[in-house]
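Undergrad: Handing you this structure, nothing more for now.
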Amino acid sequence: MSDTDAPKFDMKTFANDLVEDIEKNRIRLPTLPAISLEALLVVNDAGSSMGDVARIITKDTSMAARLVRYANSPLYRGVNTVSSVKAAITRIGFDAVKNAILSLAMKDVFTTAFKPIQARMEALWTHSVDVATKATLLADRFPHLNKDEAMLAGLIHDVGAIPILIKAKEYPVLLEKESNLDKVVDKLHMPVGKFMLARWNFDPALVEVAAQHDKIDRVPKGKEVDYVDIIQVANILSHQGSESRWAGINIEDNLACQRVGLDLVRNLDKIAEESDALSEFSSMLG
C-alpha cells in the first residue's frame, strides 16, 4: 500500500474514541496500588486517626519506606530524623497525608508493559519528577500555596499523555514516526488529563493544572500566583536546553514567569542545587 492509499489519521476521531474507551473502561489504564487506595479511604474517613493510616501503610514496606523518606525530605526535614510511619505522618500532618500518598504512588501510574512506548513513559515520569521538584521549591516562596499540592501538581500535570500513549498501540502510523505521536500528545494531553482527574475526583486546582499548564497565553483569574503558574514556570525551566518547543520560550516575556518573579525563576536551578532537592526527591519518589 502506498502512502497515498494508507488510511488517514483523524485526530478528532482518535480523541473521541479515547474518551469513550476511558468512560467505558475499555482501555486498561495503570491504577494506584491497592495499598494506596486503602490508605486514601481511611484518610477520607472523618473518624480515622493517624494510627489508623499508619497501620494501613505499614502493611506495605515499600510505601512505608517512601513515606518515611518523604517526611525526612527537604519539604519537612526537622531537627531529628523520623524512622517510623506514625512519626512521619505526625511530621507531615494529617491533612497533608493524602497528597503525600498520591505523590508517592504516582510512579506506578507511569508504567506500561508495551515495549514500543516504555521509554517514552519512563521519560515522561523523569520529566514529571523534575517539574514536581521545581514546583515544590517555587511554592515554598508563596505562603498561600501548599508545597505538597505543588509536588503532586507537578507529578500529574502530564498525566493525560498516559492513555494517549496506551491507545497509540492501535495506530501504527503513530508508532512508526515519533513526531506524529508528539503532535497527538501535544494536542490532546491537556483535555484528556482534565477528563481523567475529574473522573478520579482530584482537587479542582489540580484538574485546572492538567487542563491549563501548556497554555502560554493563559490569563489567570486572580491576582495571586496559582498552581498553574507554578507548573508552567517549572515546565519551562525543565525543558531548557532540550529540543522541545518549550526550550525557546523567553522567560522575560512569559506571564507566569513574571507573576512568579523573574529573579526567582532565574535562580531556581541554583536553589535546587544548593538544597540537593532533585536527587532527594528523585530517590523519594522512586
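Undergrad: Just want to confirm a number: the relative contact order over the range 146-259, from Cα pairs under 8 angstrom separated by 6+ residues, in percent.
TA: Taking the mean separation of contacting Cα pairs over the length of the range 146-259, I get 23 percent.
Undergrad: Rounded, prolate or oblate: which fits the range 132-190, taking a ≥ b ≥ c as square roots of the Cα gyration tensor eigenvalues, rounded meaning a/c under 1.5, else prolate when a/b beats b/c?
TA: Prolate.
Undergrad: Tell me, what is the per residue accessible area of the chain in Å², probe radius 1.4 Å?
TA: For the chain, the solvent-accessible area averages 50 Å² per residue.
Undergrad: While we're on this one: Please give the FRET efficiency for GLU23 paired with THR81, using the beta carbon to beta carbon distance and R0 = 35 Å, rounded to the nearest 0.05.
TA: 0.15
Undergrad: Calculate the dipole size of the chain relative to its Cα centre from +1 charges on Lys and Arg beta carbons and -1 charges on Asp and Glu beta carbons; express the result in debye to the nearest 20.
TA: 560
Undergrad: What FRET efficiency comes out for ASP253 versus LYS177 if R0 is 30 angstrom and r is the Cβ-Cβ distance? Round to the nearest 0.05.
TA: E between ASP253 and LYS177, to the nearest 0.05, is 0.40.
Undergrad: Another question about this same structure. Once you have the Cα-Cα distance between ARG245 and THR111, take 0.36 nm times their residue separation minus that, and quote the gain in nm to one decimal.
TA: 45.7 nm
Undergrad: Among LYS183/LYS270; LYS107/LYS169; LYS59/LYS86; LYS147/LYS221; LYS169/LYS194; LYS115/LYS167, which pairs are too far apart, with a Cα-Cα distance over 24 Å?
TA: Long pairs (Cα-Cα over 24 Å): LYS183/LYS270.
Undergrad: Looking at the range 181-264, which trypsin sites (Lys or Arg not before Pro) are in a loop (DSSP not H, G, I, E or B) and have at most 12 other Cβ atoms within 10 Å?
TA: Counting only loop positions with at most 12 other Cβ atoms within 10 Å, the trypsin sites (Lys or Arg not before Pro) in the range 181-264 are LYS215, LYS221, LYS223.
Undergrad: List the relative contact order of the chain as a percent without decimals, with contacts defined as Cα pairs under 8 Å and 6+ residues apart.
TA: The value is 18 percent.
Undergrad: How large a share of the accessible area of the chain, in percent, is made up of carbon and sulfur atoms when the probe is 1.4 Å and the other protein chains stay in place?
TA: 51
Undergrad: Using a basic spin-label model with each label point 7 Å from the Cα along Cα→Cβ, how many nm lie between THR13 and LEU37?
TA: Inter-label distance under the simple model: 3.4 nm.
Undergrad: Full extension from SER62 to LYS169: what is 0.36 nm times the residue separation minus their Cα-Cα distance, to one decimal in nm?
TA: Roughly 35.4 nm would be gained on extension.
Undergrad: Treat each spin label as a single point 7 Å out from the Cα along the C-beta direction, and report the ASP52 to SER275 distance in nm.
TA: Between ASP52 and SER275, the simple spin-label model gives 3.3 nm.
Undergrad: Once the dipole of the chain is set up with Lys and Arg at +1 and Asp and Glu at -1 on Cβ about the Cα centre, which of MET284, ALA123, GLN258 lies farthest towards its positive end?
TA: MET284
Undergrad: Return the calculated 222 nm mean residue ellipticity for the chain, to the nearest 500 deg cm²/dmol, obtained by summing -39500 (n - 2.57) across DSSP H runs with n ≥ 4 and dividing by the residue count.
TA: Here the helix-only value at 222 nm equals -19000 deg cm²/dmol.
Undergrad: If a helix is a whole DSSP H run, which ones in the chain reach 30 Å or further along their own axis (Cα) and hold a mean Kyte-Doolittle hydropathy of at least -0.5?
TA: 115-139
The values are calculated or read from the model by the stated rules, or taken from the named source; none is laboratory data. Quick caveat, the model's predicted, so the values are computed rather than measured. Glycine gets a Cβ as well: all are built from the backbone with ideal geometry, and neighbour counts include every protein chain shown. Quick note on the areas: whole protein, heavy atoms, side chains included, nothing else; ligands and nucleic acids left out. Shrake-Rupley method; radii C 1.70, N 1.55, O 1.52, S 1.80 Å.
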